[in-house]
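Worksheet for the structure shown next.
The values are calculated or read from the model by the stated rules, or taken from the named source; none is laboratory data. In this text, all values refer to a predicted model and were calculated from it rather than measured experimentally. Cβ placement follows ideal geometry from the backbone for every residue including glycine, while neighbour counts extend to all protein chains displayed. Calculation scope for accessible area: heavy atoms of the full protein, side chains included, ligands and nucleic acids excluded. Shrake-Rupley method; radii C 1.70, N 1.55, O 1.52, S 1.80 Å.
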Amino acid sequence: MLRRRTALSFTAAAVLAVTPLLTSCGTPHPGAAAVVGGKQITVSTVQARVDAVRAAQEGSPQAAQLIAASSDLQRNTVHSLIQDQVIEQAAKDVGVSVSPREVQQARAAAEQQAGGAAQLRTQLLQTYAMVPADIEQSILSDLTLRKVEQHYGADVQTAAGQAEILDVLRKTSDKLGVDVNPRYGSWNAKKLTLDSAKEPWITQVTKTSTTA
């Protein structure tokens, strides 16, 4: 059920330092980690998410391993926030939406499958560097993307279906415009990735939706 953003790949080690404002990179968006469709994803938003994850990881018995496995957390967080906005816009373009009730039902199902709410929280922290505050947004984006897929009749278990949805998201990304602070990487509009992310979103979603 849960993608991650859900399925970002985490590698290497070390806690990342606090990020300076975007003005230091010479761009016209002070304080922004990225700008999507004219809306800022602020450095403070990114850092707050990173700090929350690090605090949760440091409270785990596996702290060292979890931190080492998510050393690219800042950039992956920016990528996740961009991804959410593009998916949201793609849904608006075709008139589909997800209700709070659907999100709650999906969360309850995920908790049941995991063996309880606490177990789900542990699994998400260990596997996806996700804290409880981000769970419902992750579910919302997952369900929203599924409705977009259904609208287009795309079978994302096939290469053709994946390519179809990637094309939709690519066009949505192009329409919105994505401007990323170079500190976090450069946006690859063709692959819908940020810097060294190796897999397009739809492949990530497909893989993790079958395992969560």
> Check residue 42: other-chain or 5+ apart residues with amide H under 5 Å from its amide H, H built from backbone geometry?
Replying inline: 33
> Across 5 Å bins from the origin, how do the percents of Cα pairs in the range 58-132 run, short distances first?
Replying inline: 3, 13, 16, 18, 19, 17, 9, 3, 1, 0
> Which number comes out as Rg/Rh for the range 58-184 once both Rg and the Kirkwood Rh are worked out on C-alpha atoms?
Replying inline: 1.00
> Separation between the residue 186 and residue 92 pseudo-spin-labels, each 7 Å from Cα along Cα→Cβ, expressed in nm?
Replying inline: 2.9
> If the range 123-173 were replaced by its equivalent ellipsoid, with semi-axes equal to the square roots of 5 times the Cα gyration tensor eigenvalues, what would those be, largest first, whole Å?
Replying inline: 25, 12, 10
> Can you give the accessible area of residue 39, probe radius 1.4 Å, in Å² rounded to 10?
Replying inline: 120
> Using unit Cβ charges (K, R positive; D, E negative) and no other charged atoms, how large, in debye to the nearest 20, is the dipole of the range 53-148 about its Cα centre?
Replying inline: 80
>> Using the Karplus curve 6.51 cos²θ - 1.76 cosθ + 1.60 with θ = phi - 60°, what ³J(HN,Hα) values do you get for each residue of the range 113-122, in whole Hz, with x for Gly and Pro?
In response: 5, 7, x, x, 5, 5, 5, 5, 4, 5
>> Against the empirical 2.2 N^0.38 Å scaling, what ratio does the C-alpha Rg of the range 45-87 come to?
In response: 1.24
